[in-house]
Amino acid sequence: MGHTAAVEASVSEWDLVLRGGRVIDPESGLDAVRDVAIAAGRIAAVGTGLPPGPAEEDVSGQVVTAGFIDLHSHVNDVGGLRLQALDGVTTALELEAGVTPVAEAYRRAAEQDRPINYGFSASWALARMETVAGLPATASLSALMGRISDPAWQRTADPGQLAALLDRISADLADGALGIGVLLGYAPAARPEEYLSVADLAARAGVATFTHARDLAEMVPTTLADGAEEIVRAAGETGAHMHYCHINSTSHRHIDRVLELVGRAQAAGSRVTTEAYPYGSGMTGIGAAFLAPERLGERGLSPSSLTFAPTGERVASEARLRELRETDPGGLVIIDLLDESSPPDQALLMRSLTFPGSVVASDAMPLTWISPPADPLAWPLPPTAITHPRTAGTFCRALRLLTRDAPPGTGPAGLPQVLAKCSLEPARLLGDWVPAMRRKGRLQPGRDADVVVFDPETVTDQATYADSTRPSTGIRHVLVDGVFVVRDGGIVPDARPGRPVRAEPR
Ligand SMILES: [Zn+2]
């Protein structure tokens, strides 16, 4: 045999050979022209001059690497998941909000038949809606968002409610939840002691928490705890792995202070990890506590900093904001936080992404429909769908900004380092308690055949705030479990090979 290869399955078992691409595997350091053989959902061989397979795909001039793993995706519709696939994502995990009861979330996702892999954390907020507010269990993000402004779930928990809350979360962990998602910033009256109890539970279960931080002291001097210090403190006191979600958005213009704090905690041995997405605007339900008219000033915002997605309107006045919060609290709103056209703000945003170990994570949002589609599986997406551009563009935008179009003063990074932030590092972040993650995030024989093939010269985001569902371009092929979900730049409509990703309960 003339080929040199690390081989996992015999040639007769191969399904496909991706021929002659630039194979990048940040873990092994491989960055060279290689062939990649795929068999039964796994990478079968990586080498030069591999023998022909039953199917061949010429990928010369393209990068071949592990599919992207998104630790922060709220997308729960097939259309939105396809946008993510076209952005290179092969696994989209709902870890920050989470879904409780988690077994129900996995059951529904399996019934839905998703194009990419999926997984869920336990939801502190939904568990609180059950145990503190006495609302029925829903396992639904839309129910969570619909109730987001309800003070009943946000209030301080009494000891009995706290015990019930921890029991509810423990039951989810026993059912394979990937960790505990904590929307702490949405319930500012929750006690810091409660947060420590949740972190302690995570530490004992051997999983991470994924936190939307409480307000920073710079913004809300009366906050019960500084949002950043609280996360770091929980890691130090309980030994839990605390993942700090979208450090770019909740830190506003205090990103450097927060990163320094996290860096010090990491140096002291605490397990604090971070993620960021490359956009200056956020998105959430308009009923969120921190969007109350009297609180906008904390972030230097006014009603006109908000664009209400269902109508596309800039919110004209405090009265209109009150009306929208009242009538449609879960209605999604774009919030201008950092100014993407300002070089200092751009540089801040880039520092949240280039911080060592910070992973790219999208905070992708479900599609909002101006008028509901007749066919929920319609593709291409009808123009009446809207979302935040981060849903469709985060990963390709990060690739572009970090490698080709680095803003002045930020210096381009090498492609392998950027790809590590999209695949290897998120896989490692979960790998201790999620066995599937030890097989993902690497382009190596024996690993899962979740693969992305893209043109490094042209790959780019296309979605904008005005045209939020334009798919990224330059992603040539995406395979999930060895099956083409994207082929020649287009969605394969019948391909729904997504599988559940679960934790191994301790
Ligand atoms: Zn969030």
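The values are calculated or read from the model by the stated rules, or taken from the named source; none is laboratory data. Since the structure is predicted, the reported quantities are computational estimates derived from the model, not experimental observations. Note that we place each Cβ from the backbone using ideal geometry, even for glycine, and neighbour counts take in every protein chain shown. Surface accessibility is based on the protein's heavy atoms, side chains included, excluding ligands, DNA and RNA. Shrake-Rupley method; radii C 1.70, N 1.55, O 1.52, S 1.80 Å.
Summary value for the chain: 20 percent relative contact order, contacts being C-alpha pairs under 8 angstrom separated by 6+ residues. Model label points for Ala217 and Arg191, set 7 angstrom from Cα along the Cα-to-Cβ axis, are 2.1 nm apart.
Spatially, segment 146-182 and segment 378-417 are offset by 34 Å when compared through their Cα centroids. Relative to the longest principal axis of the Cα atoms of the chain, the long axis of helix 102-112 lies at roughly 50 degrees. Annotation: amide H-H contacts under 5 Å for Glu275 (H modelled 1.01 Å from N, sequence separation of 5 or more, or interchain): Tyr244, His246, Ile247, Val359.
At a 1.4 Å probe radius, which order do Thr209, Thr156 fall into by accessible area, largest first? Could you put the intermediate results ahead of the total?
On the way: Thr209 0, Thr156 70 Å².
Per-residue accessible area, sorted high to low, gives Thr156, Thr209.
Packing order of peptides 255-264, 85-94, highest average first: 85-94, 255-264 (average count of other Cβ atoms within 10 Å over each peptide's residues). The protection proxy used here, the mean number of other Cβ atoms lying within 10 Å of each residue, ranks peptides 274-282, 345-353 as follows, highest first: 274-282, 345-353.
Each Cα pair under 8 Å and six or more residues apart adds its sequence gap; the mean of these over the residue count of segment 68-142 is a relative contact order of 33 percent.
Which order do Leu162, Leu306 take by accessible area at a 1.4 Å probe, largest first?
Details: Leu162 40, Leu306 0 Å².
Listed by decreasing accessible area, they come as Leu162, Leu306.
Axis of helix 343-354 versus longest Cα principal axis of the chain: the two differ by about 60°, to the nearest ten degrees.
One decimal place: the segment Asp113-Thr458 gains 121.1 nm when fully extended, by the rule 0.36 nm per residue minus the C-alpha distance. Relative to the longest principal axis of the Cα atoms of the chain, the long axis of helix 389-399 lies at roughly 50 degrees.
How big is the antiparallel share of DSSP beta bridges in the chain, given as a percent to the nearest 5? So the antiparallel bridges amount to about 60 percent of the total. Taking packing as the residue-averaged number of other Cβ atoms within 10 angstrom, the listed peptides 97-103, 285-291, 187-193 run from highest to lowest as 97-103, 285-291, 187-193. Rounded if a/c is under 1.5, else prolate if a/b is larger than b/c, else oblate: which is segment 369-506, with a ≥ b ≥ c the root eigenvalues of its Cα gyration tensor? Because a/c hits 1.5 or more and a/b fails to exceed b/c, segment 369-506 counts as oblate.
Using the beta-carbon distance between Ser12 and Arg314 and R0 = 51 Å, what value does 1/(1 + (r/R0)^6) give for FRET efficiency, to the nearest 0.05?
Working: r = 62 Å, r/R0 = 1.21.
According to the calculation, E is roughly 0.25.
When Rg and Dmax are taken over the Cα atoms of the chain, they come to 21.9, 75 Å.
If you take every DSSP beta bridge fully contained in segment 224-361, what fraction is antiparallel? Give it as a percent rounded to 5.
Working: 10 of 15 bridges.
If we restrict to bridges inside segment 224-361, about 65 percent are antiparallel.
Using the Karplus equation 6.51 cos²θ - 1.76 cosθ + 1.60 (θ = phi - 60°), what ³J(HN,Hα) coupling, rounded to whole Hz, does each residue of segment 194-206 give in order, writing x for Gly and Pro? These are the phi-based 3J(HN,Hα) values: 5, 4, 5, 5, 5, 5, 5, 4, 4, 4, 5, 7, x Hz.
Computed from phi, the 3J(HN,Hα) profile of segment 162-167 under the Karplus parametrisation 6.51, -1.76, 1.60 (θ = phi - 60°) reads 4, 4, 5, 4, 5, 5 Hz, with x in place of Gly and Pro.
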